[in-house]
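Take this structure first; my questions come after.
The values are calculated or read from the model by the stated rules, or taken from the named source; none is laboratory data. Predicted, not measured: the structure shown is a model, and the values here were computed from it. We place every Cβ from the backbone using ideal geometry, glycine too, and count neighbours over all the protein chains shown. Remember, those area values only see protein heavy atoms, side chains included, never the ligands or the DNA or RNA. Shrake-Rupley method; radii C 1.70, N 1.55, O 1.52, S 1.80 Å.
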Amino acid sequence: MHYPDEQQILSLLRELMAENGITAEDLENDLGWQPGRLSGALAGQKSNPLRELFAILSLLEVGATEFFSRAYSLEPGKPALLSIEQVTRERFEESQRVIQDAVTRRFTWKRERMEN
């Protein structure tokens, strides 16, 4: 590998594998690949086509959008991958704010209507 983007992608892929406790050999077996195919790509000795990257991400249960967001995060040190729990909590909190705003508007509207 000679390109910084490829090195960054492979580095993140190795990181995700470590986070999931999955070895290159495990992924090679799960994908039905010959031994050393992924290991060689991770070491920069072999090319790793994008199609193969997507197959690996699927086994790691990481979406391509999430992967590339994390790979090219604009805020160093801040992970771009969010857990399902974080996304669910943030959506719930946003829903609560929207509902509270709607209730407040309705209350104000009713009060103004009664005053007239």
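For segment 28-38, which residues satisfy the criterion of being open to solvent by 40 Å² or more (accessible area, probe 1.4 Å) and among the charged types (D, E, K, R)?
Once the filter is applied, which keeps residues that are open to solvent by 40 Å² or more (accessible area, probe 1.4 Å) and among the charged types (D, E, K, R), segment 28-38 yields D30, R37.
Out of the residues in segment 53-73 that are in a helix (DSSP H, G or I) and open to solvent by less than 30 Å² (accessible area, probe 1.4 Å), which is nearest to A18 (Cα to Cα)?
Among those that are in a helix (DSSP H, G or I) and open to solvent by less than 30 Å² (accessible area, probe 1.4 Å), it is L60.
Could you please tell me which pairs satisfy a Cβ distance under 6 Å, a separation of 6+ or placement on different chains, a first residue in segment 26-38 that is among the acidic types (D, E), and a second residue that is in a helix (DSSP H, G or I)?
Going by the 6 Å Cβ cut-off, the qualifying pairs are E28/R37; E28/L38; D30/L59.
For V98, state whether it is out of contact with any Asp or Glu (no Cβ under 6 Å at 6 or more places or on another chain), at pLDDT 85 or above, part of a helix (DSSP H, G or I) and more than 16 Å from E15 (Cβ to Cβ).
Considered against the rule, which asks whether it is out of contact with any Asp or Glu (no Cβ under 6 Å at 6 or more places or on another chain), at pLDDT 85 or above, part of a helix (DSSP H, G or I) and more than 16 Å from E15 (Cβ to Cβ), V98 comes out as yes.
Restricting to segment 1-24, name every residue that is open to solvent by 80 Å² or more (accessible area, probe 1.4 Å) and modelled with pLDDT under 80.
Residues satisfying the conditions are H2, Y3, P4, D5, Q7.
Do we find that A41 is at pLDDT below 85, surrounded by 15 or more Cβ atoms within 10 Å (Cβ to Cβ), on the phi < 0 side of the Ramachandran plot and touching a Leu at 6+ places or on another chain (Cβ under 8 Å) in this structure?
In short, yes.
Given (1) in a helix (DSSP H, G or I); (2) at pLDDT below 90; (3) surrounded by 12 or more Cβ atoms within 10 Å (Cβ to Cβ), identify the lone condition not met by V87.
Condition (3) is where V87 drops out.
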